[in-house]
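*Asks:* My questions all concern the structure below.
Each value in this text was obtained by applying a stated rule to the coordinates, not by laboratory testing. On a predicted model such as this, the values are computed, not experimentally measured, just so you know. Cβ placement follows ideal geometry from the backbone for every residue including glycine, while neighbour counts extend to all protein chains displayed.
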Amino acid sequence: MVLLMQAILGSGGNFLISREGEKQIFNIRRTLEKHLISLPVQFYDNQNRGKLTSRVINDAELIKNFVTEIIPNFITSLLTVIGTFVVLFILDWKLTFLIFIIFPIDTIFMIPLGKFEEKIVINI
């Protein structure tokens, strides 16, 4: 039952966020179109039309992906991590405290190790 509710709420949330993202991208494209139309003709004489069109389309698509996919996934992941720690704290506060102590210490050791491994992989 919990999984069903999670799926329904997740789908609804993703739909609403995607719809809002599409509206924002539409507004950005409309504003950009008005701006491009207001530019003097000399601007277009110095620009490659295909390159300008491609740039506008690709940049708008990148913004759309960021708004409709990256941000919702980040928020969902953040809420999942926070919820997990809340449940863990409720179940066993000592273990939660231990995790909060060990995690930064582990990070201190893993960052230099990751950089070292990256150098090894690059040299191979």
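*Asks:* Under 15 Å from a point placed 7 Å out from the Cα of Thr107 along the Cα-to-Cβ direction: which residues of the stretch 68-96 have their backbone N that close?
*Replies:* The answer is 78, 81-82.
*Asks:* Compute the long axis of helix 2-38 from its Cα atoms, compare it with the longest principal axis of the Cα atoms of the chain, and write down the angle in degrees, 0 to 90, nearest 10.
*Replies:* 30 degrees
*Asks:* Each label point is 7 Å from the Cα along the Cα-to-Cβ direction; what then is the distance between the points at Ile99 and Gln42, in nm?
*Replies:* If labels sit at Ile99 and Gln42, their model points lie 6.3 nm apart.
*Asks:* Using only alpha carbon pairs under 8 Å that are at least six residues apart, calculate the relative contact order of the chain and give it in whole percent.
*Replies:* 29 percent.
*Asks:* Suppose only helical runs count, i.e. DSSP H with n ≥ 4. What mean residue ellipticity at 222 nm does that imply for the chain under -39500 (n - 2.57) per run, divided by all residues and rounded to the nearest 500 deg cm²/dmol?
*Replies:* -31500 deg cm²/dmol
*Asks:* Then there is this: Under a point-charge model restricted to the Cβ atoms of Lys and Arg (+1) and Asp and Glu (-1), what is the dipole moment magnitude of the chain relative to its Cα centre, in debye to the nearest 20?
*Replies:* Computed about the Cα centre, the dipole is about 420 debye.
*Asks:* With the crude spin-label approximation of a point 7 Å out along Cα→Cβ, what separation in nm comes out for Lys119 versus Asn73?
*Replies:* Modelled inter-label distance: 3.2 nm.
*Asks:* Could I ask something else about it? As I understand it, the value is the acute angle between the Cα axis of helix 49-65 and the longest principal axis of the Cα atoms of the chain; what does it come to in degrees, rounded to 10?
*Replies:* Helix 49-65 and the main axis of the chain meet at about 30 degrees.
*Asks:* Which residue, Ile57, Gln6, Thr107, has the largest displacement toward the positive end of the dipole of the stretch 1-115 when charges sit on each Cβ (Lys, Arg +1; Asp, Glu -1)?
*Replies:* Going by the charge dipole, the pick is Ile57.
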